[in-house]
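Written out below as structure tokens is the structure these notes cover.
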Amino acid sequence: MSNPLHTATVGVFLQILPQMARLIDKAEAHCRENGLPDEALTLASLTPDMWPFAKQISYVVLSSAGAMEALRTGLTGPDLNPPATTFAPLRQAVADAIAVLQDVQPDEIDAAAGRDVVFTFSTSRMEYVGEDFLLSFCLPNFFFHASTAYAVLRSQGLNIGKRDFLGRVRTKA
């Protein structure tokens, strides 16, 4: 493991993001099989005060591929767009995130580890160095939103399990 920061971030993002794409596919299939509109799942949430499935997916993307853009520019913030109501834009966002992450070189992450990154929202700012931004903000947010997206679908009756979340783990060859 010659580039541990890249492995711990980009490697993990690329393990889980394809699973998010598969969850989107399973959610769409569930809607079709049960005669439900996309909104039955894209706008479903665990509780009324939590974001819906679609917004959880958008934050999985923001916390992963969006983190790479933040490392490059030094600036980031929340996604203030309304959630998608259909599966196609969610699927495309995940595919685009995977493509962005596949292009990230390990030395790019290492070089960005000490750069400043500022997360601004409303009138507040959170200032980080790149490494702390990735490890203490992006990774926890990524897993929170990925887990919540999974949980929303489980709560709506989809037959999914832990393997649908974990994807391909890196085992000893």
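Nothing in this text is a laboratory measurement; each read-out follows from the coordinates by a stated rule. Remember, predicted model here, so these are calculated numbers, not experimental data. When we count neighbours, we look across all protein chains shown, and the Cβ atoms used for this are built from the backbone with ideal geometry, even at glycine.
Give me the distance between the Cα centres of the range 84-154 and the range 1-57, rounded to whole Å.
13
Any idea what the dipole of the range 9-166 comes to, in debye rounded to 20, about its Cα centre with Lys/Arg Cβ at +1 and Asp/Glu Cβ at -1?
Rounded to the nearest 20 debye, it is 500 debye.
Return the lysines within reach of residue 26: Cα separation strictly under 19 angstrom, same-chain partners fewer than 8 residues apart disregarded; answer none if there are no such residues.
The reachable lysines, counting only those whose Cα sits under 19 Å from residue 26, are 55, 162.
Cut-off is 10 Å between beta-carbons; in what order do 160, 57 appear when sorted fewest neighbours first? It would help to have the intermediate numbers written out before the result.
Working: 160 18, 57 32.
With the fewest neighbours first, 160, 57 line up as 160, 57.
Any idea what log10 I(q)/I(0) is at q = 0.15, 0.16, 0.19, 0.20 Å⁻¹ for the range 50-173, Debye with uniform C-alpha scatterers and no solvent?
Computed log10 I(q)/I(0) values: -0.77, -0.87, -1.16, -1.24.
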